[in-house]
1. Taking the residues in the range 85-96 that are closer than 16 Å to GLN47 by Cβ and not aliphatic (A, V, I, L, M) as candidates, determine which candidate is surrounded by the fewest Cβ atoms within 10 Å (Cβ to Cβ).
2. Scan (1) in contact with a Cys (Cβ under 7 Å, 6 or more places away or on another chain); (2) in contact (Cβ under 8 Å) with a residue 60 or more places away in the chain for the single condition TRP89 breaks and write down its number.
3. Which one of these does PHE116 not meet: (1) at pLDDT 90 or above; (2) over 17 Å from LEU144 (Cβ atoms); (3) in contact with a Lys or Arg (Cβ under 9 Å, 6 or more places away or on another chain)?
4. Do we find a residue being hydroxyl-bearing (Ser, Thr, Tyr) and modelled with pLDDT of 95 or more anywhere in the range 52-64?
5. Can you confirm whether the range 97-108 contains a residue that is in a strand (DSSP E or B), at pLDDT 65 or above, buried (at least 18 other Cβ atoms within 10 Å of the Cβ) and polar (S, T, N, Q)?
6. Tell me which residues, restricted to the range 77-95, are part of a strand (DSSP E or B), within 19 Å of the chain's Cα centre (by Cα) and not hydrophobic (A, V, I, L, M, F, W, C).
7. Would you check if there is a residue in the range 49-69 being in contact (Cβ under 8 Å) with a residue 24 or more places away in the chain, assigned by TED's automatic domain parsing to the domain that holds THR159 and part of a loop (DSSP other than H, G, I, E, B)?
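The values are calculated or read from the model by the stated rules, or taken from the named source; none is laboratory data. Since the structure is predicted, the reported quantities are computational estimates derived from the model, not experimental observations. Ideal geometry is used to build each Cβ from the backbone, glycine not excepted, and the neighbour counts take in all protein chains shown.
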Amino acid sequence: MPNYRQIGCRQISAISMLAAVPYLLLSASQDVRLTTVVNWDGSGLRQYAVSCLKDRKDEVGSRLVERSRDFDQERWQEKGPVLTITRDWRPANLAGEVPGSSLHLSGIVQKPLSIFTHYRWSEELEIYRDTATEVETFGEEIALLDYELKMPGRVLPDTVSTNGKARGGTVTWELSGDADQYTLAATSRRVRWGYLLFLVYVVGFIAFQVVHYTAQVIRNRPRRI
């Protein structure tokens, strides 16, 4: 079973892993996955899952903790020679606290006649090189980061930024350490079920009244003798 514990108080730094991924973490790990979950109310989840060989756990673990002190939950899980460290952060206002990000909602106020709410997520994600030397950055194109974005409803494929792959409500990008910054964006739409049910009720009520009134008119019509 994974070990689950609280990390402490959140303190966001200028080079926090909320907005920047350390290049040396990518190069020292077997697999790095960053997941961003956008909830319908603007809250969300930011999660790092980093896998490495056990003999590199001190190096990888220290780099991960150093740059993600603002994350408040952690899990460790071992499988054979591989250790996976997962760190979570769950803000009430995701875009308001992830530097370089924005979340735009197009709801009932903006489009009162639409049965959909649209969500547009965009962020600038930096690959932070820090103290990486020229030797350490050799082969940077194979230092990979898997980025996964989960949105409310269904993602619209035509709105996904370069090289993103959309499926249902999820977009994935494979990013490499040979770029300093990436722009990641996508739009999804979610059915306003409450609004839709209200419209069905209104239309049904009007239809019932029309049928009821028509039946009354027919019943009250004078009969021919």
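1. Checking each candidate, the answer is ARG90.
2. Of (1) in contact with a Cys (Cβ under 7 Å, 6 or more places away or on another chain); (2) in contact (Cβ under 8 Å) with a residue 60 or more places away in the chain, only one is false for TRP89: (1).
3. Against the list (1) at pLDDT 90 or above; (2) over 17 Å from LEU144 (Cβ atoms); (3) in contact with a Lys or Arg (Cβ under 9 Å, 6 or more places away or on another chain), PHE116 comes up short only on (1).
4. The answer is no, given that none of the residues of the range 52-64 is hydroxyl-bearing (Ser, Thr, Tyr) and modelled with pLDDT of 95 or more.
5. Checking the range 97-108: at least one residue is in a strand (DSSP E or B), at pLDDT 65 or above, buried (at least 18 other Cβ atoms within 10 Å of the Cβ) and polar (S, T, N, Q).
6. Across the range 77-95, the qualifying residues are THR86, ARG87, ASP88.
7. There is at least one residue in the range 49-69 that is in contact (Cβ under 8 Å) with a residue 24 or more places away in the chain, assigned by TED's automatic domain parsing to the domain that holds THR159 and part of a loop (DSSP other than H, G, I, E, B).
So that you can scan it fast, the table gives a plain yes or no per residue for (1) surrounded by 19 or more Cβ atoms within 10 Å (Cβ to Cβ); (2) at pLDDT 75 or above; (3) not in a strand (DSSP E or B); (4) not assigned by TED's automatic domain parsing to the domain that holds TRP40:
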| position | (1), (2), (3), (4) |
| --- | --- |
| GLU174 | no, yes, no, no |
| LEU184 | yes, yes, no, no |
| VAL200 | no, no, yes, yes |
| PHE208 | no, no, yes, yes |
